[in-house]
Amino acid sequence: MKGIAARIDEWLSNHRDEVVGWRRHLHSHPELSHMEHETTEFLEETLNSYGLMPRRFPGTGLMVDIGPDTGDRLAFRADLDALALTEMTRLPYASAVPGVAHACGHDVHTTIALALACALADNADALRHGVRVLFQPAEEVMEGGASDVIAWGGLDGVGSIFGLHVEPKLKVGKVGVRTGAITSAADVLRIKVTGPGGHSARPHLTNDVVFGLSSLVTQLPALLSRRVDPRTGTVLVFGSLNAGYAPNAIPESGQLTGTIRTADVATWRSLQELMEELIAQVLAPTGCSHELIYQRGVPPVINDDVATAMLADAARAIDPQAVVQAPQSSGGEDFSMYLEHVPGSMARLGCWSGKGRMQDLHQGDLNVDERSIGVGIRLFGSVIEQYGGVAGTGSGNGGFLS
């Protein structure tokens, strides 16, 4: 009897056009975080058509279980939301929603997860353990959807979880893996600085808010580099500074906003307290007051070593040349929330065609090579087989793109 990976491969060969059609539909109908209503309806209808009974989450998103109910389930996660960007690809299936686009590849992630669930529905007899597919809303925003999915029972009965993210810096067919931190924690801080205001001719009679803000911009990153181990990849960058309106008036208030990122969980947990201390020290000579609004994001994605080894073995089982070392990214990803509860791993899925310039995520011209969809589906099928969920033998045919 064929193993589950070979069965999924065969299913994909017979349904490739259908799967690509799903992706193009999702791509042309993007929805913002917490607003993925049409996407959820489309997923539910498609899963129902394959005889599955998904469970909808409150609001948007859903999950579906396939296979035996006994023992821990193996989970796969996809994210549904798009970005507030204008698409510039001019593809026939480009976004039909002004100012909203799947410029982070979530339509690809969702298509891979949907195809996996449907392929498993047609081959459930080959599963020795249960599989859960999570379709998560709102990955792109702070207070993202992962924590909600966990609260709604998404990880109940789950023993391990896997995910992937398209990577336009990798050629299609390549799978990037990394043990430990593959993304960074990403927090947002807003620093409001206040003083009595005054005339710029008499700065000694007031507290210079603009000078205080400028001191923070230049000194905070420098001080941080002397208080935190540089091997943690901790970086503070300010994106905006707003204060005043006239050249000869010292304003009463101003504000800085920026991001602080780190690849180290212990450092992440200490950053808010450290920032309070350093801000107070920098502003002390100016006499200005301050208020720090610190918005904690998500921890780094810390890939489990055993799960990552299994993910790499799953890729090599199909193509011995597929696996590459993924770099550690400074971007944030709320898949990390799942890994706070169960072991798992996230892979980088190559989506560059190999022709023309390499693009980047969160850009309006991102054009994913659709062959990466098949790579992702087959990779997850191989993970299931590596996990032990087969009732037979036989897997891939020598290459992701063959």
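The values are calculated or read from the model by the stated rules, or taken from the named source; none is laboratory data. For clarity, every value in this text was computed on a predicted model and none was experimentally measured. Reconstructed Cβ throughout: ideal geometry from the backbone, glycine too, with neighbour counts over all protein chains shown.
Residues of the stretch 214-255 that are touching a helix residue (DSSP H, G or I) at 6+ places or on another chain (Cβ under 9 Å) and aliphatic (A, V, I, L, M): LEU216, LEU220, LEU223, LEU224, VAL228, VAL235, LEU236, VAL237, LEU241, ALA243, ILE250.
Report whether or not THR257 is under 25 Å from GLY144 (Cβ atoms), of a type outside the set (Asp, Glu) and either in contact (Cβ under 8 Å) with a residue 40 or more places away in the chain or surrounded by 12 or more Cβ atoms within 10 Å (Cβ to Cβ) (or both).
Working: under 25 Å from GLY144 (Cβ atoms): yes; of a type outside the set (Asp, Glu): yes; either in contact (Cβ under 8 Å) with a residue 40 or more places away in the chain or surrounded by 12 or more Cβ atoms within 10 Å (Cβ to Cβ) (or both): yes.
Criteria met by THR257.
Summed over the stretch 330-351, the residues that are crowded, with 22+ Cβ neighbours inside 10 Å and either assigned to a loop (DSSP other than H, G, I, E, B) or in contact with a Lys or Arg (Cβ under 6 Å, 6 or more places away or on another chain) (or both) give a count of 4.
The requirement of being closer than 15 Å to THR286 by Cβ and of a type in the set (S, T, N, Q) is fulfilled nowhere in the stretch 239-247; no residue meets it. Assigned by TED's automatic domain parsing to the domain that holds ARG132 and either surrounded by fewer than 22 Cβ atoms within 10 Å (Cβ to Cβ) or more than 20 Å from the chain's Cα centre (by Cα) (or both): is that true of GLY163 in this structure? The answer is no for GLY163. Tell me, yes or no, whether the stretch 345-365 has at least one residue that is at pLDDT 95 or above, of a type in the set (S, T, N, Q) and within 17 Å of VAL177 (Cβ to Cβ). The answer is yes, given that some residue of the stretch 345-365 is at pLDDT 95 or above, of a type in the set (S, T, N, Q) and within 17 Å of VAL177 (Cβ to Cβ).
Given the condition outside the structural domain of VAL228 (by TED's automatic domain parsing), charged (D, E, K, R) and surrounded by 18 or more Cβ atoms within 10 Å (Cβ to Cβ), answer yes or no: does some residue in the stretch 305-322 qualify? Don't jump to the end; show me each part of the working.
Of the stretch 305-322, the ones outside the structural domain of VAL228 (by TED's automatic domain parsing) are 305-322.
Okay, now just the ones that are also charged (D, E, K, R), so 305, 313, 316, 319.
After this cut, where a residue has to be surrounded by 18 or more Cβ atoms within 10 Å (Cβ to Cβ) as well, the list is 319.
So far as the stretch 305-322 goes, yes, one or more of its residues are outside the structural domain of VAL228 (by TED's automatic domain parsing), charged (D, E, K, R) and surrounded by 18 or more Cβ atoms within 10 Å (Cβ to Cβ).
Within the stretch 366-382, does at least one residue satisfy the condition of being under 30 Å from THR257 (Cα atoms) and outside any helix (DSSP H, G or I)? Yes, the stretch 366-382 contains at least one residue that is under 30 Å from THR257 (Cα atoms) and outside any helix (DSSP H, G or I). I'd like the residue in the stretch 36-75 that is modelled with pLDDT of 95 or more and among the polar types (S, T, N, Q) and, out of all such residues, is farthest from ALA115 (Cα to Cα). Filtering first and then ranking leaves THR60. The residues on offer are VAL209, VAL193, and the sole one that is β-branched (Val, Ile, Thr), touching a His at 6+ places or on another chain (Cβ under 6 Å), under 19 Å from SER289 (Cα atoms) and surrounded by 24 or more Cβ atoms within 10 Å (Cβ to Cβ) is VAL193. Taken together, ARG55, ARG77, ARG7, ARG23 contain a single residue that is in contact with a strand residue (DSSP E or B) (Cβ under 6 Å, 6 or more places away or on another chain), touching a residue at least 40 places away in the same chain (Cβ under 8 Å) and among the charged types (D, E, K, R), which is ARG77.
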